[in-house]
Each structure stands twice: as structure tokens, then as C-alpha cells.
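Report on one structure; see the data block that follows.
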Amino acid sequence: MIIAIDGPAGSGKSSVAKMVARRLCFQHIDTGAMYRAVAWKGQRLGIDLGDADRVAELAENLAIELIPGAEGQKILVDGQEVTSQLKSEAVGMGAALVASQSRVREILVAKQREIGKNGGVVMDGRDIGTVVFPDADKKFYLDADPRERGRRRYEELKLSHPEVDLESIIQQVRERDFEDKNREVSPLRQAADAIRVDTTHLGIEGVVEEIMREVQAQS
Ligand code: DC
């Protein structure tokens, strides 16, 4: 069984996907981390992330390992553990840029299909139900009001960056939405057969329960 969970930044999809995967003893694949891994490595090597040819070459040769563990998924890039480094805003901005390039998407989508081909996965991202696995057994599209998504991001960021400002984070969330929904290749959109879950007023547990109900109803 393949479960696809898509949605914008801050909709809660990664946390939800992780918990659903744990309940089902499935593997959780956070595809955003793969775009972030390409951006992180490019930044490390001083590659211009706007140079689509060089970025595609980098993505082609990059070893990205997603290792499930009790404290969540660990990400190794060319053998180096980079899990926390991938979460930075600078890497997120770079990831949005590389995610707009069609060759990088082709390369990462092929890797994602390979990882998920035997099923037993909960994969989250922006295009899982529309492009990566259009025949996924269950598709969910998580969404929430941009202000609430900004507030969640703010709560997370202020632990490590006490100087952050809520209104500017909300503004960044709106800008990221615009980029993800308006890019030419694989823009973020809800698959026609995806179940939409509005997480604005629902805690993570509530969303997980709703998804588990749908998954169990099918099996
Ligand atoms: O979910 P995230 O913030 O880790 O994603 C990082 C960037 O990668 C974001 O700009 C959206 C993009 N992305 C994508 O285009 N397709 C995916 N399947 C996952 C992420």
C-alpha cells in the first residue's frame, strides 16, 4: 500500500506522515528533505543553484539515504548526517529554487518511485498524489490557513532563533505558497481523488486519527 500526503509548508504533513507510518509499521519518506539535500550540497560546494545543468548533475550523483529511527528519519547526504542542517531557512529557500527545475524533479521523482515501488510507504511532499504515485492507494491533501501555518513555523523557529518575528514568518509562508503553486513544473495542487483535511483547528493527533479512519475503511 502507498499512502500519499501532499500539502503546503506548515500544513503538518511531515509530522502526520511520520505518525501514520509508525502506526502502520510503514516507512515514512519525506520528499522535501530530498530537495533540501540537493540545495544543501550545492550551497556547500558553492554551486549557483540557478544553474539548472550543474544542479541536475549534482542531483544525479548525490547519495541521499533516508534512515528511519525511533526519533524520526535521519538524512545522510554522501554519507554525512545532515538532518538538522536541512531545516534551516537558507536551505529551504535553496530547495524551492532547485524544486522549480524540471531535470532535478525528474531525477528525484525517479528515486522516489524506486524507494516506494514495493509499497509499505507513507510519502509526503507536494506532487506525490499527482505525479510520483498517481495510482497511490490513498491520497490526502493537508491544508491550513496561512496565518496558522506561519504561527506553527514561528513556534518551531523561535526556539533556536529568538529574534524571529511572527508577521515576517507569515509573509514568508505566503511567498513560499505562491512559488510552490505557480511554478511551471509540477506545481502544488490537490489531486482530484485526494481527501482534503483542513488542519487549521485540528491537532496532529486529530489529523492522524482522521487519516487512519480513511485508511482502515479501505483495507
Ligand atoms: O516540505 P519542505 O519545506 O521540506 O520542501 C522543500 C521545498 O521542496 C519546497 O519549496 C517544496 C519543494 N518540494 C517539492 O517541490 N516537491 C516535493 N515532493 C517536496 C518538496
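The values are calculated or read from the model by the stated rules, or taken from the named source; none is laboratory data. What you see is a predicted model; the values in this text were computed from it and never measured. Here the Cβ is made from the backbone with ideal geometry for all residues, glycine too, and neighbour counts use every protein chain on show. We work out accessible area using only protein heavy atoms, side chains counted, and drop any ligands, DNA or RNA first. Shrake-Rupley method; radii C 1.70, N 1.55, O 1.52, S 1.80 Å.
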Query raised in the report: Is there a residue in segment 79-91 that is farther than 21 Å from Val173 by Cα, open to solvent by less than 20 Å² (accessible area, probe 1.4 Å) and within 11 Å of the ligand (Cβ to nearest atom)?
Result: no
Report task. Could you tell me whether segment 150-162 includes any residue that is within 16 Å of the ligand (Cβ to nearest atom) and touching a strand residue (DSSP E or B) at 6+ places or on another chain (Cβ under 9 Å)? Result -> no
Query raised in the report: Can you tell me which residue in segment 35-76 is modelled with the lowest pLDDT, limited to those that are surrounded by fewer than 18 Cβ atoms within 10 Å (Cβ to Cβ), of a type in the set (Gly, Ala, Ser) and within 22 Å of Ile128 (Cα to Cα)?
Result: Gly72
Requested in this report: Name, by its number, the condition in (1) of a type in the set (S, T, N, Q); (2) in a helix (DSSP H, G or I); (3) within 13 Å of the ligand (Cβ to nearest atom) that does not hold for Ser168.
Outcome: (3)
Report summary line: Sole miss for Ala59 among (1) assigned to a helix (DSSP H, G or I); (2) in contact with a strand residue (DSSP E or B) (Cβ under 8 Å, 6 or more places away or on another chain) is condition (2)
Report task. Consider only pairs whose beta carbons are under 7 Å apart and that are at least six residues apart or on different chains; among these, list those whose first residue lies in segment 10-38 and is more than 21 Å from Glu210 (Cβ to Cβ) and whose second residue is within 13 Å of the ligand (Cβ to nearest atom) and acidic (Asp, Glu). Result -> Thr31/Asp124
Query - Residue match in segment 92-109 (condition: outside any helix (DSSP H, G or I), out of contact with any Gly (no Cβ under 7 Å at 6 or more places or on another chain), exposed (fewer than 15 other Cβ atoms within 10 Å of the Cβ) and hydroxyl-bearing (Ser, Thr, Tyr)) - result: no
Requested in this report: Residues being under 14 Å from Val132 (Cβ atoms), of a type outside the set (Val, Ile, Thr) and near the ligand (Cβ under 10 Å from one of its atoms): count how many of those fall in segment 14-34.
Outcome: 3
Query - Asp124 of a type in the set (D, E, K, R), outside any strand (DSSP E or B) and at pLDDT 95 or above - result: no
